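A.B. asks: Here you go, one structure.
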Amino acid sequence: MKILLDFLPILLFFVAYKLQGIYVGTAVLMVATVIQMGIVYWLDKKLSAMHKATLALILVFGALTLALHDERFIKWKPTVLYTAMALALAVALWGYRRNFLKILLGSQLSLPDGVWTRLTIAWVIYCLFMAAINGYVAAFFSTDAWANFKLWGYAFPLVFIIGQGFYVARHLEDTTEPADNTPPGANGG
């Protein structure tokens, strides 16, 4: 459900872009993201740092796109976001010896520290890859090609997250209670 909710603003942007152009598409993206964050807040009673950063960047870069009538701002927003995410994860892990993924998800997933470190490194590499590929498409392809990439490029995060799920599943620590195989009445009761 959350993946669908995350995909909806991109889909609405794509449809608006195809029907009315980049500026209407940008305005639709901004409104859809505000609504999306409202729904997330309503469901979770909070917004994660990632949600706040995404919302802020979409509003700032979208406003610059519309105010200056320059599509480069909205096209480069994903590169800025992914680079910032990679830097935040890397600086926290190697500079401050803090693992943001473990801090954010450690209460939901019980994983060994080495797995948390490998997950964080994988996220840093993934974010740098996504920043680079978006930057390449934004710089060297038409706006139409970039918009198509935004829609069909959504396969990258889906594949990455599914791969992460398989990796995490192999390393989840067993938190279930051991089965009591004592025959009835054997413990004196």
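A.B. asks: For region 85-97, enumerate the residues that are among the aliphatic types (A, V, I, L, M) and more than 12 Å from the chain's Cα centre (by Cα).
C.D. replies: From region 85-97, those among the aliphatic types (A, V, I, L, M) are 85-93; that's our starting set.
Result: LEU87, ALA88, LEU89, ALA90, VAL91, ALA92, LEU93.
A.B. asks: Could you grab me the full set of residues in region 122-162 that are outside any helix (DSSP H, G or I), touching a residue at least 60 places away in the same chain (Cβ under 8 Å) and open to solvent by 60 Å² or more (accessible area, probe 1.4 Å)? Talk me through it step by step, then tell me what you get.
C.D. replies: Step one: list which residues in region 122-162 are outside any helix (DSSP H, G or I), which gives 141-142, 153-154.
From what is left, the residues that are touching a residue at least 60 places away in the same chain (Cβ under 8 Å) are 154.
None - no residue of region 122-162 is outside any helix (DSSP H, G or I), touching a residue at least 60 places away in the same chain (Cβ under 8 Å) and open to solvent by 60 Å² or more (accessible area, probe 1.4 Å), so the list stays empty.
Quick grid of which residues meet (1) surrounded by 13 or more Cβ atoms within 10 Å (Cβ to Cβ); (2) within 23 Å of ILE161 (Cβ to Cβ):
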position	(1), (2)
PHE7	yes, yes
PHE13	yes, yes
LYS18	yes, no
ALA27	yes, no
ALA32	yes, yes
GLN36	yes, yes
ASP44	no, yes
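A.B. asks: So LEU119 fits all but one of (1) aliphatic (A, V, I, L, M); (2) out of contact with any Ser or Thr (no Cβ under 9 Å at 6 or more places or on another chain); (3) open to solvent by 20 Å² or more (accessible area, probe 1.4 Å); (4) not in a loop (DSSP other than H, G, I, E, B); what number is the exception?
C.D. replies: Every condition holds for LEU119 apart from (3).
A.B. asks: Would a scan of region 65-72 turn up a residue that is at pLDDT below 90 and acidic (Asp, Glu)? Break it down into steps so the answer makes sense when it comes.
C.D. replies: Taking region 65-72 and keeping what is at pLDDT below 90, we get none.
No - not one qualifying residue is present in region 65-72.
A.B. asks: While we're on this one: Going residue by residue through region 144-156, is there one that turns out to be at pLDDT below 90, among the small types (Gly, Ala, Ser) and under 21 Å from ILE22 (Cα atoms)?
C.D. replies: yes
A.B. asks: Also, I was wondering about something else. Please determine, by comparing only the residues of region 52-79 that are without any contact (Cβ under 8 Å) to a residue 24 or more places away in the chain and within 20 Å of PHE129 (Cα to Cα), which one is least open to solvent (accessible area, probe 1.4 Å).
C.D. replies: Start the filter on region 52-79 by keeping residues that are without any contact (Cβ under 8 Å) to a residue 24 or more places away in the chain, which leaves 52, 55-56, 60-61, 64, 67-68, 70, 73, 77.
In the following step, the residues that additionally are within 20 Å of PHE129 (Cα to Cα) were identified as 73, 77.
Values: PHE73: 59, LYS77: 24 Å².
For region 52-79, the residue satisfying everything is LYS77.
A.B. asks: Which count do you get for residues in region 89-115 that are in a helix (DSSP H, G or I) and open to solvent by less than 50 Å² (accessible area, probe 1.4 Å)? I'd like the intermediate steps shown before the answer.
C.D. replies: Of region 89-115, the ones in a helix (DSSP H, G or I) are 89-95, 100-105, 113-115.
Retained after the next criterion (residues that are open to solvent by less than 50 Å² (accessible area, probe 1.4 Å)): 89-90, 92-93, 101, 114-115.
Counting residues in region 89-115 that are in a helix (DSSP H, G or I) and open to solvent by less than 50 Å² (accessible area, probe 1.4 Å) gives 7.
The values are calculated or read from the model by the stated rules, or taken from the named source; none is laboratory data. Bear in mind that the values here come from a model prediction, so they are computed numbers and not experimental data. In this analysis, Cβ positions are derived from the backbone assuming ideal geometry, glycine residues included, and neighbour counts consider all displayed protein chains. Accessible surface areas use protein heavy atoms only, side chains included; no ligands, DNA or RNA. Shrake-Rupley method; radii C 1.70, N 1.55, O 1.52, S 1.80 Å.
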